[in-house]
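Remarks on the structure that follows.
The values are calculated or read from the model by the stated rules, or taken from the named source; none is laboratory data. This one's a predicted model, so the numbers in the text were calculated from it and none came from an experiment. Note that we place each Cβ from the backbone using ideal geometry, even for glycine, and neighbour counts take in every protein chain shown.
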Amino acid sequence: MLQQGSLAEKFSRFTDRWRPKVIAGLNGQEVKIVKLEGEFPWHRHEKEDEFFLVWRGRMRVEFRDGAAELGPGEYLVVPRGVEHRTTAEAEAEILTFEPAGVRNTGDVADEVFTAPDGVSI
């Protein structure tokens, strides 16, 4: 099945933050979009690498020993098992690629930030 769409149109369909939306799937992976603003909890994904690509805005991925600043068109892969958190001073629009079913908060369950799995848009 062909999957085609517009990132701008998909991002325009929601306003909530920290709630990834699946826009495509391939080879057991999900392509998700998410809006960020503020600080996400520290967490890690024990079995999965996590890919972030900035579409609009700026984000920061913090590690216990440093940080990476990302702007539009820039990406970062966080290796499995590495503790991290994401932050954005102003709203940022991000794409993520990860195996289907990966919890956005990894090893942490959080009432505010843990999003339901598999929400498509």
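Among the residues making up the range 57-67, those that are in contact with a strand residue (DSSP E or B) (Cβ under 7 Å, 6 or more places away or on another chain) and exposed (fewer than 15 other Cβ atoms within 10 Å of the Cβ) are F63, A67. Within the range 64-116, the set of residues being in contact with a His (Cβ under 8 Å, 6 or more places away or on another chain) and part of a strand (DSSP E or B) comprises V78, H84, R85, E98. Screening L2, L70, L76 for residues that are surrounded by 14 or more Cβ atoms within 10 Å (Cβ to Cβ) and either among the basic types (K, R) or free of Cβ contacts under 8 Å to residues at least 24 places away in the same chain (or both) leaves exactly one candidate, L70.
Within the range 21-39, can one find any residue that is surrounded by 14 or more Cβ atoms within 10 Å (Cβ to Cβ), of a type in the set (K, R), in contact with a Gly (Cβ under 8 Å, 6 or more places away or on another chain) and at pLDDT 95 or above?
Residues of the range 21-39 that are surrounded by 14 or more Cβ atoms within 10 Å (Cβ to Cβ), as a first pass: 21-25, 29-37, 39.
Pick out the ones that are also of a type in the set (K, R) and you get 21, 32, 35.
Of the ones still in play, those that are also in contact with a Gly (Cβ under 8 Å, 6 or more places away or on another chain) are none.
Scanning the range 21-39, I find no residue that is surrounded by 14 or more Cβ atoms within 10 Å (Cβ to Cβ), of a type in the set (K, R), in contact with a Gly (Cβ under 8 Å, 6 or more places away or on another chain) and at pLDDT 95 or above, so the answer is no.
Is the range 6-15 home to any residue that is crowded, with 18+ Cβ neighbours inside 10 Å, of a type outside the set (A, V, I, L, M) and in contact with a Pro (Cβ under 9 Å, 6 or more places away or on another chain)? So far as the range 6-15 goes, no, none of its residues is crowded, with 18+ Cβ neighbours inside 10 Å, of a type outside the set (A, V, I, L, M) and in contact with a Pro (Cβ under 9 Å, 6 or more places away or on another chain). Would you be able to say whether some residue in the range 92-101 is surrounded by fewer than 16 Cβ atoms within 10 Å (Cβ to Cβ), under 17 Å from K35 (Cβ atoms) and under 14 Å from the mean Cα position of the chain (by Cα)? No, every residue in the range 92-101 fails to be surrounded by fewer than 16 Cβ atoms within 10 Å (Cβ to Cβ), under 17 Å from K35 (Cβ atoms) and under 14 Å from the mean Cα position of the chain (by Cα).
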